[in-house]
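Q: One structure is given below, represented as structure tokens, and several questions about it will come after.
The values are calculated or read from the model by the stated rules, or taken from the named source; none is laboratory data. Given the structure is predicted, the values throughout are model-derived calculations rather than measurements. FYI the Cβ positions are ideal-geometry reconstructions off the backbone, even for glycines, and counts take in every protein chain you see.
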Amino acid sequence: MTSVASQTRLARWWDGDLAYGFRRSPVAIVSALVLAVCLVAALFAPWIAPHNPFDLATLNLTDALAPPHGMAGARPEYLLGTDDQGRDVLSAIMFGTRISLLVGVAAVALSVMLGVSLGLVSGYGGGRLDAFIMRAADVQLSFPAILIALLIDGVARAVLPRGAHGDVALVVLIVAIGVSNWPTYARTVRSSTLVEKGKEYVQAARVIGITPAAILFRHLLPNVLGPVLVLATINIATAIVLEATLSFLGVGVPPTRPSLGTLIRVGNDFLFSGEWWITIFPGAALVILVLAINLLGDWLRDALNPKLK
Amino acid sequence: MRRMLRALLAAAIVAAAFGATAALAVTFRFADQGDALSMDPHALNESLQLSVMGNVYEPLVGRGKKLELVPILATSWKQTAPTVWRFVLRKDVKFHDGTPFTADDVIFNYERAKSESSDMKTYVAPIKEIKKIDDLTIDVVTSEPFPILPDTIGFWYMMSKSWCEKNNAKEPVDVRKGKENAATLKANGTGPFMLKSREPGIRTIFVPNPRYWTKVESNITEAVFTPIGNAATRVAALVSGDIDMMEPVPLQDIEKVSANASLKLLQGPELRTIFLGMDQSRDELLYSSVKGKNPFKDKRVRQAFYQAIDENAIAKTVMRGAATPTALMVAPGINGFVKEQNTRLPYDTATAKKLLADAGYPNGFEVGMNCPNDRYVNDAQICQAVAAMLARIDVKVNLMVETKATYFPKILSRETSFYLLGWTPASYDAHNPIFALLMSPGPSGRGQFNLGSYANKRIDELGPQIASELDQKKRDAMIAEVFKIHSDEVGHLPLHQQALAWGMKKNVDLVQLADNINLLKWVVVK
């Protein structure tokens, strides 16, 4: 079954087990469709959203707190109502999803890069380096990811020059979440590497004098990437939730450019007063997005698991 | 069956007995959106801090239920010469640690409140020296005649000299520099309540002071103060009965709280004025796209900001009507408020844009704005609304919203270009905001909260005269002149006076002061 893990190229996927499995799994198809809708809505928000909530000049306080369609006092131009600043909730969700997805994907890419490289080096190199990297991972795993992210954000605020924080808040957020998640990848990749490095193709490569770097990245990497892919899909969802949490705590993006998390936090204050749409709609969007990614990740894990075949 | 009945009866008796003892212990749990930043009464001149500390520490002269002057640690006071006030101190007052309160403590507190790290310098600024006549008599000498001295020292709390010396707390905690000492977490005052335990940001517990010098109305045996930052959580805690009282009730939930049969709502106008300040002293703003010059030095820019802000919309929508738009830095009810002067410049985006263009910024500019999110009613939302309104005249506001624990240290060290602040005149007289907010920063607390360093020579001249003028008419005229200059120059951007809204259980009786001070000595739980 090693062939499954090695078939990583897109073209070969399409004819292979994976695509076949996908076509046979309604859950996977529905999740993929939902995710696609979310992606399109988020990516093309500036063009398809009815309003631009990030353009402060277009906000008008007299439009604030309009209820969604179907309720008394609803305004035709605001399908899902407006929040306390007069932002169109639907547009705010689309723009907010953009930030949440960007943070989620970029943070996971960063943790994958960090984790996979360190895991490969650790597993292949062994010895002291291995021990050092793995103990570092252990130490970090003993802290909750949110604490690490808060720490990085705090340090960045202290270190960065005055006024710069607003501009790079998003980058800091990505780095904070990315760095807080690398150990899981490093561990997974290390264990796969330990299995793979004893195999004949690696020994053959070594015998013909290929450099360790080339062995790591050309030969080992494709063979250990399967589990990483599964982890990554699930972790995108985790990263989005972590960003929502950080924004909820007020260390994320500035309030004038709300992400999904910020929207939910702001809306929370209005839960008791009957203006439920400010928090329920962004909350539902977050749930749907995370659920779709998680289901897809779950399916991928099962599909790539040879023991379940 | 009978045995079971007997067991039930026994259980009922035990329960009744427990119930009886529970009735004797009255715990009052109250919550606010923020926490006191330390237990040091001289560390931060902010209403919540002063309100919380006012249960443990006491001033010489305080305020009663109708804000009238009442003797607290001083039993009488009179002016013996134009610049001398004689205070007779109360006999047999003991600090919580048992040491007696004497004239030496007052002198010590004068030095402490005057010291570099103190945030209460404005309160003792008019005082030149304090002379000890005997253990219970002092002469307070002011540099100029200061007829309203007793009115101005209501938040100058007395600490124990020996306790501060013993605990290495001779200088106040400094929130700006992160300087801490024993007074960060401990307290030893003369007040009706003693600090039992303090967990910053979690809970602060007070118990009655058995040695208090007079009887208090309150029947509570323990008071637990909890900061609950999230508005919805605060309402939920009150509705579910987790707490007995909280403030502020979020504006969107006022109806819900007043409709609840087990709760009551106490509303009233507050003396606090919410305003925006701008850095007018640096040659280049710390946070702005304009380099080499400071746009806020130009009156046209300040006026453009003023006229671009639709305060009526803020009062109506963000504040849900629970705010009174203002053109002055003082509220009605403060001595020196003149109704005729309280007319705002009209909201007019076109004029604002033109003013900005005349000043040389036809395409606007970028500026950073600092804003707290747990200090004033809907503070962060006000700032967002202001940012949106300024965007319409092409001013791009980079909004930095944060908790007051990081906000105050930052703006008090003037690390800001554009900020939101609220001010309640502690003396109920216009001299206090003139001295603290409008006069240029100077020695002994002058302009200590003029965080944008607005400066006008004439106001600096009039300030001391207002303090010492005895003729009420002349004094009022000078105050009016100051406010006129300040309005003409657009020194700050006054927004509104917010309204107080406290929510509590039906069985709680307390006194709501217009300066948003809640003293436990008046809390009765029935």
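Q: Please determine whether any residue of the stretch A:182-201 is over 22 Å from the mean Cα position of the chain (by Cα) and at positive phi.
A: Scanning the stretch A:182-201 turns up no residue that is over 22 Å from the mean Cα position of the chain (by Cα) and at positive phi.
Q: Filter the stretch B:374-385 down to the residues that are over 17 Å from residue B:278 (Cβ atoms), more than 7 Å from chain A (Cβ to nearest Cβ) and in contact with a helix residue (DSSP H, G or I) (Cβ under 7 Å, 6 or more places away or on another chain), then identify the one that is surrounded by the fewest Cβ atoms within 10 Å (Cβ to Cβ).
A: B:375
Q: Residue check: is residue B:349 closer than 19 Å to residue B:500 by Cα and at pLDDT below 95?
A: Against the criterion (closer than 19 Å to residue B:500 by Cα and at pLDDT below 95), residue B:349 does not qualify.
Q: Check whether at least one residue in the stretch A:77-91 is away from every other protein chain (no Cβ under 14 Å), part of a helix (DSSP H, G or I) and touching a residue at least 60 places away in the same chain (Cβ under 8 Å), and report yes or no.
A: Within the stretch A:77-91 (the criterion being away from every other protein chain (no Cβ under 14 Å), part of a helix (DSSP H, G or I) and touching a residue at least 60 places away in the same chain (Cβ under 8 Å)), the answer is yes, since at least one residue qualifies.
Q: Just a yes or no: is a residue in the stretch A:206-228 surrounded by fewer than 21 Cβ atoms within 10 Å (Cβ to Cβ), within 14 Å of chain B (Cβ to nearest Cβ) and either more than 30 Å from residue A:123 (Cα to Cα) or among the aromatic types (Phe, Trp, Tyr) (or both)?
A: No, the stretch A:206-228 contains no residue that is surrounded by fewer than 21 Cβ atoms within 10 Å (Cβ to Cβ), within 14 Å of chain B (Cβ to nearest Cβ) and either more than 30 Å from residue A:123 (Cα to Cα) or among the aromatic types (Phe, Trp, Tyr) (or both).
Q: Please find, within the stretch B:274-301, the residue that is farthest from the other protein chains (Cβ to nearest Cβ) out of those that are of a type in the set (Gly, Ala, Ser) and surrounded by 21 or more Cβ atoms within 10 Å (Cβ to Cβ).
A: Out of the qualifying residues, it is B:277.
Q: Let me ask you something else. Does residue B:436 satisfy the condition of being of a type in the set (A, V, I, L, M, F, W, C), more than 30 Å from residue A:84 (Cβ to Cβ) and either out of contact with any Lys or Arg (no Cβ under 9 Å at 6 or more places or on another chain) or more than 11 Å from chain A (Cβ to nearest Cβ) (or both)?
A: Answer is yes for this residue.
Q: If you don't mind, there's one more thing I want to ask. What are the residue pairs meeting all of these: first residue in the stretch B:249-264, first residue of a type in the set (Ser, Thr, Tyr), second residue not in a helix (DSSP H, G or I), Cβ atoms under 8 Å, and 6 or more apart or on different chains?
A: Matching pairs, first to second residue: B:258/B:264; B:258/B:265; B:262/B:241; B:262/B:505; B:262/B:506.
Q: Looking at the stretch A:252-282, which of the residues that are without any contact (Cβ under 8 Å) to a residue 24 or more places away in the chain and part of a helix (DSSP H, G or I) is farthest from the other protein chains (Cβ to nearest Cβ)?
A: Of everything passing the filter in the stretch A:252-282, A:280 is farthest from the other protein chains (Cβ to nearest Cβ).
Q: Go through (1) under 25 Å from the mean Cα position of the chain (by Cα); (2) surrounded by fewer than 18 Cβ atoms within 10 Å (Cβ to Cβ); (3) under 23 Å from residue B:482 (Cα atoms) for residue B:265 and report which single condition fails.
A: (3)
Q: Here is a further query. Return yes when residue B:455 is at pLDDT below 95 and part of a loop (DSSP other than H, G, I, E, B) and no when it is not.
A: yes
Q: With a cut-off of at least 1 residues that are farther than 29 Å from residue B:448 by Cα and of a type outside the set (A, V, I, L, M), name the strands (runs of 3 or more DSSP E) lying wholly within the stretch B:58-148.
A: B:74-81, B:127-134, B:137-142
Q: Given (1) within 13 Å of another protein chain (Cβ to nearest Cβ); (2) surrounded by fewer than 22 Cβ atoms within 10 Å (Cβ to Cβ); (3) in a helix (DSSP H, G or I), identify the lone condition not met by residue B:388.
A: Of the numbered conditions (1) within 13 Å of another protein chain (Cβ to nearest Cβ); (2) surrounded by fewer than 22 Cβ atoms within 10 Å (Cβ to Cβ); (3) in a helix (DSSP H, G or I), the odd one out for residue B:388 is (2).
Q: Another question, then. Got a sec? Which helices (runs of 4 or more DSSP H) wholly within the stretch B:160-259 have at least 1 residues that are among the aliphatic types (A, V, I, L, M)?
A: B:231-240, B:254-259
Q: Could you go through the stretch A:233-251 and let me know if any residue there is within 14 Å of another protein chain (Cβ to nearest Cβ) and in a loop (DSSP other than H, G, I, E, B).
A: Yes, the stretch A:233-251 has at least one match.
Q: Further question: If you take the residues in the stretch A:92-147 that are in a loop (DSSP other than H, G, I, E, B) and over 30 Å from residue A:255 (Cα atoms), which one is farthest from the chain's Cα centre (by Cα)?
A: Here the answer is A:126.
Q: How many residues, within the stretch B:310-353, are within 20 Å of the chain's Cα centre (by Cα) and either free of Cβ contacts under 8 Å to residues at least 60 places away in the same chain or away from chain A (no Cβ under 14 Å) (or both)?
A: 12
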